[in-house]
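Report on the following structure.
Rule-based calculations on the coordinates, nothing more; no lab input. Remember, it's a predicted structure, so these values are computed and weren't measured experimentally. Please note: Cβ atoms are built from the backbone with ideal geometry, for glycine as well, and neighbour counts cover all protein chains shown.
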Number of protein chains: 2
Amino acid sequence: MKFFRIVSAAALRETIRETFGAFRLSAETVPLRSAASRVLASDMISPEDAPAFDRSQVDGYALPSASTTGATESIPSVFRLAGRVKMGEAATVTADTVSCIYVPTGAMMPGGADCAAKIEDCEELPDGMIAVFRPHSPGENVLRRGDDCREGMLVLAKGSVLFPRRIAPLAALGFMEIPVVRKPRYAVVSTGDEIVPEGIPPAPGQIRDSNAPSLAAMTEAMGGEISGFSRSNDDENSLLQVLREAVESSDCVLVSGGSSVGERDHVRRVIGELPGSRILAHGVGLKPGKPAIVASLPGGKAVFGLPGHPASSAAVFLALVGAYHESVTGQTEAPARTVRARLDGSLRSSAGMETWQPCTLSEQNSELIATPLFGRSGSVTLFSRADGFLVLPPEVEGLENGADVSVRLL
Amino acid sequence: MKFFRIVSAAALRETIRETFGAFRLSAETVPLRSAASRVLASDMISPEDAPAFDRSQVDGYALPSASTTGATESIPSVFRLAGRVKMGEAATVTADTVSCIYVPTGAMMPGGADCAAKIEDCEELPDGMIAVFRPHSPGENVLRRGDDCREGMLVLAKGSVLFPRRIAPLAALGFMEIPVVRKPRYAVVSTGDEIVPEGIPPAPGQIRDSNAPSLAAMTEAMGGEISGFSRSNDDENSLLQVLREAVESSDCVLVSGGSSVGERDHVRRVIGELPGSRILAHGVGLKPGKPAIVASLPGGKAVFGLPGHPASSAAVFLALVGAYHESVTGQTEAPARTVRARLDGSLRSSAGMETWQPCTLSEQNSELIATPLFGRSGSVTLFSRADGFLVLPPEVEGLENGADVSVRLL
């Protein structure tokens, strides 16, 4: 088959970032409770000092550190226990050179004290006095106002992903409504005369649509939203009409299927006919995934033509659609998802192609082992058993048994 | 402080699995479209052969392989092109020793043919004849009926997680309603006299509740559902009442907070007063997380007491609550989430404790580097910058710079 334009996968990702990075999806505001996994649309600047007051980090006695100079097990510094600070209340009592105040962990430090002595370092004497058995330094066991975060400081930058661990500081600082990038909307279009939609029993020669639900699940796992599903047979006018509507209702259209040359050519032609369409690549140095099509449309919209087989479709999705998604959301980070492993078996790759080989992962003697999953083209069950993709750059032509490899986790 | 019962983290996980693994949450049926990330409640057995008919894996000519014996570039086997199979239609034409049939990739193989010759291995001659330039073997370039999956075969076992890559085979085989384990319901209870809920400006000595939203986000990321939030001050009767209601409305109660000894003792006492409560551990060989409390209640319900600081809370959550979640759902697998990395800096750990040290991850010369994140206890921003936890087993007392370490990804 003739490819319209063949580019390396790395160069295509760069083109995708350049083309779509210029368009940024609009922001919306969501309650903190629903913000997890979203992409921040603005820098979050601390409106206050955290903590807002000096807090004890221990259960113990707040006192002036200077009065503990020279304290030892045999000659302790002795203070009168002059009061207690209760959790959640302002410290109204004060310490001085001869008086200390009991503070639980997290309580507000009282005036006159610059450190807290742990109860383990003290002894309560019978007459209500407290013996402190070692010298303390100023600030010891105290989290000072603003130690964690100062008013005006950047807490989280625009483009950060709100992983669960990012929620606590936002809550602690009182952020209740969070500006996030709206989720990109993806329309899934299934093509192919042989495909029947869910619920229809396939006649001889027909197969069920397994790509559309699979692409939807991958899209949602990535942080996208599905705007709708549609389907076209291989009639050009029908496909053009379906694509126009899909483009209208979404930011990005994922055209699934077409494993035969005729179908692929046909999809590419129709994508090229969409108003303002610019084909960025048809033919990618990606294996599997060579027949992938990437087009940009006015307003930062995109169309991806994805191969019909599960592993190929997933490889193109992760290698290319992921780059689009990160570009339009302005996402500056992603979950850690590439690991190093030892190759179990040898692997051949095609020169000049970035190769994505499905593999399983297992641990042997606290070493991660990647075993390539080989199977017949067209299998729908094989890829469901994979844990990741072994990703080989185009300059690597093959790998020996035991090689150190990079695995993109699924 | 006195611990009720100190156990190693590994032994406690085993106790949790034994205690709660005997209870299995009920199943429910969801449409395939909403099944992603759920846990399968039944074995999925293929209702049919896949593919349901012999399919060509190439664009080419279907023919009997025996008629290509001895074919070469100079003396090809020659066939009359007797017809074409269309995508999505039953093959009504047949091949024979002198006739071949054009088949696109994925089309149904016609009768009389046992292999497909790629168009690249053939030439269309001017008179409508097809020359085949090399011998073919039976089954070559054909995915036979049932090659991928046979009727009655196990497609996915009960307890599997429906990762996006698991969706395609279920769709291909026509599964539309999927039996999944219902999501465990978690109630989050915030304790502490110093905690104010969202929306209320903290007075001096008070702080906002950052643990509840953070625990909720972790719970949902793990596959749980939040049944509700509640809050209690440190009054025992009030806490007992709040806990009783939380237990009523959920499968598992996460009691957050209490960094002072008094608060912790108090929470443990009240958990022990719940009807039928059995304390499995109070005091765990886990650092941070030693004051964690785990209790089982009748009917497979659980209560976890979690520390108040973000990193400690997350460590207990991942190390212990995760084991509960996997037990009651019967989940037999988890996403790959432990990686090997090289330690940047040295690390001390407490003898006899399983140590969870927050760290960042970076790649240098295609090697993963784990850098421990150290900071003051009580910081709410520090942990939000972590990429994972360096996990050190209790028998490791410390690690030198450059050591090979295991990192649990966040």
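Computed on the protein assembly as shown, the Cα convex hull volume stands at 166 Å³ per residue. Is the shape of the stretch B:338-409 best called rounded, prolate or oblate, per the rule: a/c under 1.5 gives rounded, else a/b larger than b/c gives prolate, else oblate, with a ≥ b ≥ c the square roots of the Cα gyration tensor eigenvalues? Since a/c reaches 1.5 but b/c is at least a/b, the shape of the stretch B:338-409 is classed as oblate. Here the label points at residue B:23 and residue B:350, each 7 Å from Cα along the C-beta direction, are separated by 3.0 nm in the simple model.
Under the criterion of Cα pairs below 8 Å and six or more residues apart, the relative contact order for chain B equals 17 percent. Using only Cα atoms, locate the centre of the stretch A:245-286 and the centre of the stretch A:215-239, then give the distance between them in Å, rounded to an integer. The distance from the Cα centre of the stretch A:245-286 to that of the stretch A:215-239 comes to 12 Å. Between this copy and the others, label points of residue B:157 are 4.5 nm apart in ascending order, each placed 7 angstrom from Cα in the Cβ direction. The rotation axis taking chain B to chain A passes closest to the C-beta of one chain B residue; that residue and the distance in whole Å read B:339, 2.
Sorted shortest first, the separations between the residue A:221 label point and its copies elsewhere in the assembly read 1.6 nm; each point sits 7 Å from Cα along the Cα-to-Cβ line.
Compute the Rg to Rh ratio over the stretch A:201-266 from the alpha carbon atoms, using the Kirkwood formula for Rh, and round to two decimal places.
Working: Rg = 13.0 Å, Rh = 13.3 Å.
Rg/Rh for the stretch A:201-266 comes to 0.98.
Straight-line reach from residue B:290: taking Cα to Cα under 16 Å and skipping same-chain neighbours fewer than 8 places apart, the lysines in range are B:2.
Averaged over peptide B:86-93, the number of partner chain Cβ atoms lying within 10 Å of each residue's Cβ comes to 6.
For peptide A:102-112, the mean count of partner chain Cβ atoms within 10 Å of a residue's Cβ comes to 4.
Here, P(r) means the percent of Cα pairs in each 20 Å bin from 0 to the largest distance; for chain A it is 22, 37, 22, 16, 3.
When +1 charges are put on Lys and Arg Cβ atoms and -1 charges on Asp and Glu Cβ atoms, the dipole computed for chain A relative to its Cα centre reaches about 1180 debye.
Only four residue types carry charge here, +1 at the Cβ of Lys and Arg and -1 at the Cβ of Asp and Glu. Report the dipole size of the stretch B:197-236 about the Cα centre in Debye, rounded to the nearest 20.
Numbers: 2 positive and 7 negative charges, 37 e Å.
Result for the stretch B:197-236 is approximately 180 debye, rounded to the nearest 20.
Reducing the stretch A:109-129 and the stretch A:334-398 to their Cα centroids gives an inter-centroid distance of 60 Å. Ranked by the mean number of other Cβ atoms within 10 Å of their residues, highest first, the peptides B:246-256, A:79-89 come out as B:246-256, A:79-89.
Taking the square roots of 5 times each eigenvalue of the Cα gyration tensor of the stretch A:56-143, largest first, gives ellipsoid semi-axes of 19, 13, 11 Å.
So if I place +1 on the C-beta of Lys and Arg and -1 on the C-beta of Asp and Glu, and nothing else carries charge, what would the dipole magnitude of the stretch B:338-409 be about its Cα centre? I want it in debye, nearest 20.
Numbers: 6 positive and 9 negative charges, 58 e Å.
Around 280 debye, computed over the stretch B:338-409.
By other beta-carbon atoms within 10 Å, ranking B:321, B:78 with the fewest at the front produces B:78, B:321.
Using mean Cβ contacts within 10 Å as the protection proxy, how do B:98-107, A:152-161 order, highest first? Let's see the in-between values first.
Details: B:98-107: 24.9, A:152-161: 16.3.
Ranking, from highest mean packing down: B:98-107, A:152-161.
Counted over chain B, the DSSP beta bridges are approximately 65% antiparallel. Of the residues A:395, B:363, the one with the fewest other Cβ atoms within 10 Å heads the list, and the complete ranking is A:395, B:363. In the stretch A:69-227, the C-alpha radius of gyration followed by the widest Cα-Cα span (Dmax) gives 30.9, 95 angstrom.
Working from Cα pairs under 8 Å separated by at least six residues, relative contact order for the stretch A:338-409 is 49 percent.
Please order B:92, B:329, A:360, A:72 by the number of other Cβ within 10 Å, starting at the fewest. Walk me through the numbers on the way to the answer.
Numbers: B:92 13, B:329 25, A:360 16, A:72 10.
Fewest-to-most Cβ neighbours within 10 Å comes out as A:72, B:92, A:360, B:329.
Cross-link reach is defined here as a Cα-Cα straight distance under 24 Å, omitting same-chain residues fewer than 8 places apart; for residue A:183 the lysines meeting it are A:158, A:301. Bridgeable aspartates and glutamates around residue A:287 (alpha carbons under 17 Å apart, same-chain partners fewer than 8 residues away excluded): A:354, A:395, A:397. Normalised by the number of residues in the stretch A:1-107, the average gap of Cα pairs under 8 Å and 6 or more apart makes the relative contact order 25 percent.
Look at the dipole of the protein assembly as shown built from charges on Cβ: of B:238, A:50, B:10, the Cα furthest out on the positive end belongs to B:238. In this assembly of identical copies, the label point of residue B:125 (Cα plus 7 Å along Cα-to-Cβ) is separated from its counterparts by 11.6 nm, sorted shortest first.
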